[in-house]
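What follows is one structure encoded as structure tokens, with my remarks underneath.
The values are calculated or read from the model by the stated rules, or taken from the named source; none is laboratory data. This is a predicted model, so every value here is computed, not measured. Here the Cβ positions follow ideal geometry from the backbone for every residue, glycine too, while neighbour counts run over all protein chains shown. Just so you know, the surface numbers come from the protein's heavy atoms only, side chains and all, with ligands and any DNA or RNA stripped out. Shrake-Rupley method; radii C 1.70, N 1.55, O 1.52, S 1.80 Å.
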Amino acid sequence: LSTVFITKFGFQWGVSTSAYQIEGGWNADGKGSSTWDTFTHKPGMIQNNDNGDVACDSYNKIEEDLYMLRALKVKTYRFSLSWPRIFPNGYRASLNKKGVDYYNRLIDRLIRYNITPMVTLHHWDLPQALQDINGWDNITMIDIFNDYCDFCYETFGDRVKFWMTFNQPHTIAWVGYGLGAFPPNIKKPADAPYRVAHNLLKAHASAYHTYDDKYRKTQHGLVSISLNADWVEPLDVNIPREVDAADRALQFQLGWFAHPIFKNGDYPDAMKWQVGNKSELQGLSESRLPSFTEGEKAYIQGTADVFCINAYTTRRVHHVTSRLSPKSYEFDQDIAIKDVEDSQETAVKELRTAAWGLRRLLNWIKEEYGNPEIYITENGVSTNTATTDDDTYRIFFLKTYIDEALKAHNLDGVQLKGYTAWSLMDAFEWLNGYSVGFGLHHVDFKHPDRPRTPKRSAHYYYDIIRDNGQPLPFLHIMAKNSA
Ligand code: GBH
């Protein structure tokens, strides 16, 4: 391992969570239902029929969460606001003051301890009432989301200076409306993901412009969006067709959102070409990929102040020849996905680890999007919660992934500004329920008080933050010897 470390001060080390995964209090004090409440309350949907009704009970445990954050000495805490806790039916008219109070208390306590809040406006827990009007497949959602964001800037923006509109729009569009594995469980892979992404991009841009027009001058914050990407390694770097296939996979996943926002307001050429051609061959009168007007392109281009990336895994991709049927975002790509040999299995099958992929991904972002300032807003590894004792693997993960991120920063000139580890503590892990955990802290979900206990990786991450990069073991041995 190299001993590179961050040489510039001000690097933002932190941890990350999301509302539905930790808060609980699913119907407390007037909170409305979200699509995840609806989904998890149906039997058979989640492993062990787990749900987020109580989760880590963070709704009642601000002090306990703060204790962990202060002990780690993080500079930043990335969390999300539960939209139905603030507006139970999604609209401003339903304002729930107690929900607002909760976030005010949390934010005030963070500021008091010099922890910078990084706030995601929407991490998947959509008010059910808005799903009832078709959720993100309904264009009126653009203005509804914008009004919710406007309220949040107005209410919390005196203290919150780092906003992310969406967490992983790719997951909302593809897993929610294509695969149908996440709420709203719609399986329309031919066109719904494309329509939804189109609306999400416009909603994001609209929320960005609202900040620009009404708040930036007085609040001086940043607005971005957290995009997810798996690094994709070509099957054979010497075969141009395979290199193209890998690039295409990145464009379909990351470029779908990043190209419009960070480049020219429009989808990547590879997507327009692939989906356009296939649609034509499929006898459709127009492409299943919607298009933006010139005005919309201008409106979307440049609507993020920094680049926020969630990165977990690396995959290998190879080219497959044209599949015309069935019509699907998946088959539009002409690729097949494999595991990378040089990677390790984790408790979540599709999230194998390969630290070297992170450095390559960061460099790809740097080249593709003109060297933006980058924040890694999620990166972490899961272990089986039934066997929590051995935390060696999480330490190995942090050591190797952070080392690769620091190589990108120190050796490759990537403007990496911050890193928030996923996650502060074990939490409700979506379809996996509580069977796997990404936490630096263990949470006892069988105990009514949900006690939190640091894992060894929490101590290790504390060292990383203290030393502003990889801990330099010999310094501590010297310190001990002289003590
Ligand atoms: C992150 O997504 C999430 O942002 C975070 O909330 C979550 O806790 C973390 O992952 C760990 O799970 O099962 O086929 O429907 C990372 C990217 C995208 C990976 C969705 C899992 C589910 C695919 N994730 N994907 S499927």
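Cross-link partners among aspartates and glutamates for LYS73, C-alpha distance below 12 Å, same-chain residues fewer than 8 apart left out? Partners found: ASP463, ASP467.
Taking 13 Å as the straight-line reach from the Cα of LYS366, the aspartates and glutamates in range (excluding those fewer than 8 positions away in the same chain) are ASP412. Taking the Cα of ASP244, stepping 7 Å toward and past its beta carbon, and measuring to each backbone N in the range 319-335: which are under 15 Å? Hits in the range 319-335 for ASP244 at 15 Å: 319-323, 333-335. Per residue, the convex hull spanned by the Cα atoms of the range 1-160 amounts to 165 cubic angstrom. Along its principal axes, the range 172-308 has C-alpha extents of 51, 36, 32 angstrom, given from the largest down. In the chain, taking the dipole from charged Cβ atoms about the Cα centre, the farthest positive-side position among PRO189, GLY90, TYR329 is held by GLY90. Projected over all directions and averaged, the alpha-carbon convex hull of the chain occupies 23.0 nm². Take every pair of alpha-carbon atoms less than 8 Å apart whose residues are at least six positions apart; their mean separation over the length of the chain yields a relative contact order of 18 percent.
Most tightly packed first, judged by the mean number of other beta-carbon atoms within 10 Å of their residues, the peptides 42-50, 64-72 read 64-72, 42-50. If both residues of a DSSP beta bridge must be in the chain, then about 25% of such bridges are antiparallel.
Counting charges near ASP147 (Lys, Arg +1; Asp, Glu -1) among other residues having Cβ under 13 Å from its Cβ returns a value of -1.
Among 357-365, 137-145, the peptide with the highest mean count of other Cβ atoms within 10 Å heads the list, and the full ranking is 357-365, 137-145. Rounded to the nearest 20, the Cβ-based charge dipole of the chain about its Cα centre (Lys and Arg +1, Asp and Glu -1) stands at 860 debye. Of the residues HIS441, GLY24, ILE115, the one whose Cα sits farthest towards the positive end of the charge dipole of the chain is ILE115 (charges of +1 on Lys and Arg Cβ, -1 on Asp and Glu Cβ, taken about the Cα centre).
Cross-linked pairs LYS161/LYS263; LYS161/LYS187; LYS161/LYS446; LYS187/LYS272; LYS61/LYS187: Cα-Cα separations exceed 30 Å for LYS161/LYS187; LYS161/LYS446; LYS61/LYS187. For the chain, the 222 nm mean residue ellipticity estimated from helices alone, with every DSSP H stretch of n ≥ 4 adding -39500 (n - 2.57) and the total spread over all residues, rounds to -10500 deg cm²/dmol. Summed over the residues of the range 289-395 and divided among them, the accessible surface reaches 44 Å² per residue at a probe radius of 1.4 Å.
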